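The values are calculated or read from the model by the stated rules, or taken from the named source; none is laboratory data. All values derive from a computational prediction rather than experimental measurement. Methodologically, a virtual Cβ is constructed for each residue, glycine included, from the backbone with ideal geometry; neighbour enumeration extends over all protein chains shown. Remember, those area values only see protein heavy atoms, side chains included, never the ligands or the DNA or RNA. Shrake-Rupley method; radii C 1.70, N 1.55, O 1.52, S 1.80 Å.
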Amino acid sequence: MVDVFISYSRDNKARVADIAAAVTAAGYDVWWDAELPPHRSYGDVITEKIGSAKAAIVVWSQASAQSEWVRAEADVARNQKKLVQTAIDDVMPPLPFNQIQFADLSDWTGDPAHSGWRKVLMSLEELCGREAASVPPPRPIPAAPPPMPPFADPGAATPPRSSFLPWVLLGVAVVAVALLAWKLTQPAPVAPDAPPVVAEKEGDAAARPSAAAGAPTASAPAEAFTLAAVIDDPDGFTNIRAGRGTRHAIIGKVLEGETFLTYRQPGAWWRVRKADGTTGFMYRKYIRLIEDAAAPAVVDVPAGVGGSGVVIPDSSERLLSPDELRGLSAGELRIARNEIFARHGFRFSDPALRAHFGRFDWYRPASVTVELSDVEKANVALLRSAEAAAR
């Protein structure tokens, strides 16, 4: 029996090797398919190893999220209540795993104090029933004894000698205090320009930050977050980063329909602030100012069963097919996707969605978190994909 099973995409093998080594260093017995015996069936070994492991780490990435094998392994681990989810790049776990907490290791470089890595270790401690081993600090090398003078008797007592060490230490302390006092009186240095931006999902290859990525300098005017905005991203979420560009760490996410604040700024990256106070940078392409262009106009939808006003009345009861979505506009598909949430009393932050569903007696907003069935989750994913294609 092993402690930890690791599921991943072979495209990420080098990165996963680092994770496996770190889990092993924490004192756990690890298995991943780099150790797959050549004479055994892949499916048989994987099923056996997941079943015998106490915990299963799934490493989500852009590649593994598309892998049927990784999804299947994650589903087995979830059903056995031993799933530990991690993400090593800019990806949200696919449905239905995005409903479960995951540890963000996108910027983890092996630091044992990293917040995402600490989450992984806490989960392993709970599932494996024992604490992770801490790596002991290196032992200091003992100092060599001073050489004996010629013809000295090792057994003879050494006469006491006066030491200058206390006076040397006192002198060093005085110099250090003087240097510190001098440094505190000097003006703060100007931050250098930020490094070039690497083009990724959120970036333009020609985009370059014009100032240091971070808070405004003392000479810049105070920020006034006066414009309300929402995201316009087919993925359904957009990252907030610590600086201008995708090389900077992800410090938050904005989901579709979530309102945040910003202001008009030059450049491809804008400063934004969420309701919880998270402040950082977002790529301008995915920002839609509510004052400029509110959410897509509410469409005229069929009356539905009993005048319910929904696009697809039974989308919470059966799996939809791509064929029946052909011919629907992007606006209709958006309403069809969100009416699944509305049935559960989801409280929308998007003004257009609130106005649309507020016209019907059956809609009773109650919470910003709802629990969807597997059928509903699959239909939401299908409708989102069709909506992005129809734009």
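A few points about this structure:
- On the stretch given as region 335-376, residues that are within 19 Å of Q99 (Cα to Cα), assigned to a helix (DSSP H, G or I) and small (G, A, S) total 1.
- Per-region count, region 369-380, residues loosely packed, with under 14 Cβ neighbours inside 10 Å and not hydroxyl-bearing (S, T, Y): 2
- Checking A56, A103 one by one, the residue that is of a type in the set (A, V, I, L, M, F, W, C), closer than 28 Å to L372 by Cα and within 14 Å of the chain's Cα centre (by Cα) is A103 and no other.
- The set of residues in region 320-333 being of a type outside the set (S, T, N, Q) and exposed (fewer than 14 other Cβ atoms within 10 Å of the Cβ) consists of P322, D323, E324, R326, G327.
- Tally of residues being open to solvent by 30 Å² or more (accessible area, probe 1.4 Å) and at positive phi across region 232-284: 2
- If you go through region 257-314 and keep only what is aliphatic (A, V, I, L, M) and modelled with pLDDT of 80 or more, you end up with L261, A268, V272, A275, M282, I287, L289, I290, V310, V311, I312.
- Residues considered: A342, A336, A352. Of these, the only one that is under 28 Å from the mean Cα position of the chain (by Cα), of a type outside the set (D, E) and crowded, with 16+ Cβ neighbours inside 10 Å is A342.
- Count - residues of region 71-87 that are among the β-branched types (V, I, T) and surrounded by fewer than 20 Cβ atoms within 10 Å (Cβ to Cβ): 1
- Check on I88, free of Cβ contacts under 8 Å to residues at least 40 places away in the same chain and at negative phi: no
- Restricting attention to region 25-54, the residues being of a type in the set (S, T, Y), exposed (fewer than 14 other Cβ atoms within 10 Å of the Cβ) and at pLDDT 85 or above number 1.
- Flag for D90 being open to solvent by 20 Å² or more (accessible area, probe 1.4 Å), under 10 Å from the mean Cα position of the chain (by Cα) and either closer than 17 Å to A56 by Cβ or at pLDDT 85 or above (or both): no
- Residue pairs meeting the criteria (Cβ under 6 Å; at least 6 apart or on separate chains; first in contact (Cβ under 8 Å) with a residue 40 or more places away in the chain, in region 343-360; second open to solvent by 40 Å² or more (accessible area, probe 1.4 Å) and outside any loop (DSSP other than H, G, I, E, B)): F348/R354
- Filtered residues of region 247-266 (kept if outside any strand (DSSP E or B) and under 13 Å from the mean Cα position of the chain (by Cα)): H248, A249
- Residue satisfying condition, being surrounded by fewer than 19 Cβ atoms within 10 Å (Cβ to Cβ), within 25 Å of A229 (Cβ to Cβ) and among the charged types (D, E, K, R), within set R347, R364: R347
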